[in-house]
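*Asks:* Got a structure for you, written out below as structure tokens; questions coming shortly.
The values are calculated or read from the model by the stated rules, or taken from the named source; none is laboratory data. The structure presented is a predicted model; accordingly, all values stated were derived computationally and were not measured. No Cβ is skipped: glycine too gets one built from the backbone with ideal geometry, and neighbour counts run over all protein chains shown.
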Amino acid sequence: MGQSTAILLIATLLGVAFAVAITFTTSAPSSHLLRTIRFAVVCAVIATFVAIVLIIGLRLNFTASMPLGIYRIDHVAPSAMQRGMFVAVCAPVGAAEQGRRRGYLATGTCSGDSEPLLKTVAAIAGDTVTIAADGVSVNGHLLHNSKPLAADSSGRPIASWLRGHYRISNGSIWLYADNERSWDSRYWGPAPIRNVVGAATPFLIAGVLPHVAELRR
């Protein structure tokens, strides 16, 4: 299910429930016509809210890579990319295709009809990334929960990016999420900066954002 569809469905269900509650729990007596009008007005307000949400570019996150909630997606210039920045980004083509086949990614606007991911920019051009048995390090700092796994949650084998030292080239970034099962650069390597849809800013979330202070050094 794509982001727009998910937001629309959730908001519609909440709107209908809210409208029904207002219509049938009001203390003042009213005719059937007035209840119908009240219901229609509330639904219209909810529909307007949904339209605004979609227009201003909010994204609903269901995954464990980032806290559950709603994020605002804003344009960010490639030259403004920084370590520790949260972004909505399309996975590289090969990774997106595998993600869709295996059900890691829902449908969306990225290549291969996949959805953008919410990730942290762990490394930018000039940084050194090291992949080892214990995880991924950026400029000598080991990232929490970055150890590549041999299999996914369904037991299917999953190949990590080759172990070794890498220097991030111009036009590329290394993507990461503080979760042991995150589908990120530990499996598919650097991603093109052009794949970044925008910077992701928490709008309404449940939980604590990942600690990324060490990435900003």
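*Asks:* Which one of these is under 19 Å from His144 (Cβ atoms), surrounded by fewer than 19 Cβ atoms within 10 Å (Cβ to Cβ), assigned by TED's automatic domain parsing to the domain that holds Ile124 and not aliphatic (A, V, I, L, M): Arg181, Arg186?
*Replies:* The match here is Arg181.
*Asks:* Moving on. Does Ser146 qualify as being of a type in the set (Ser, Thr, Tyr), in a loop (DSSP other than H, G, I, E, B) and over 15 Å from the mean Cα position of the chain (by Cα)?
*Replies:* So Ser146 passes the test.
*Asks:* Within the stretch 154-181, work out how many residues are farther than 19 Å from Val93 by Cβ, within 23 Å of the chain's Cα centre (by Cα) and polar (S, T, N, Q).
*Replies:* Selection size over the stretch 154-181: 2.
*Asks:* Quick one: which of Leu58, Leu118 is modelled with pLDDT of 85 or more, surrounded by 16 or more Cβ atoms within 10 Å (Cβ to Cβ) and touching a Lys or Arg at 6+ places or on another chain (Cβ under 8 Å)?
*Replies:* Going through Leu58, Leu118 in turn, just one is modelled with pLDDT of 85 or more, surrounded by 16 or more Cβ atoms within 10 Å (Cβ to Cβ) and touching a Lys or Arg at 6+ places or on another chain (Cβ under 8 Å): Leu118.
Matching residues to (1) over 17 Å from Ala64 (Cα atoms); (2) of a type outside the set (Val, Ile, Thr); (3) without any contact (Cβ under 8 Å) to a residue 40 or more places away in the chain:
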site: Leu118; (1), (2), (3): no, yes, no
site: Lys147; (1), (2), (3): no, yes, yes
site: Arg163; (1), (2), (3): yes, yes, yes
site: Leu204; (1), (2), (3): no, yes, no
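*Asks:* While we're looking at this one, here's another question. Could you check Gly112 against (1) exposed (fewer than 14 other Cβ atoms within 10 Å of the Cβ); (2) in contact with a helix residue (DSSP H, G or I) (Cβ under 9 Å, 6 or more places away or on another chain) and say which number it fails?
*Replies:* Gly112 satisfies all of (1) exposed (fewer than 14 other Cβ atoms within 10 Å of the Cβ); (2) in contact with a helix residue (DSSP H, G or I) (Cβ under 9 Å, 6 or more places away or on another chain) except (1).
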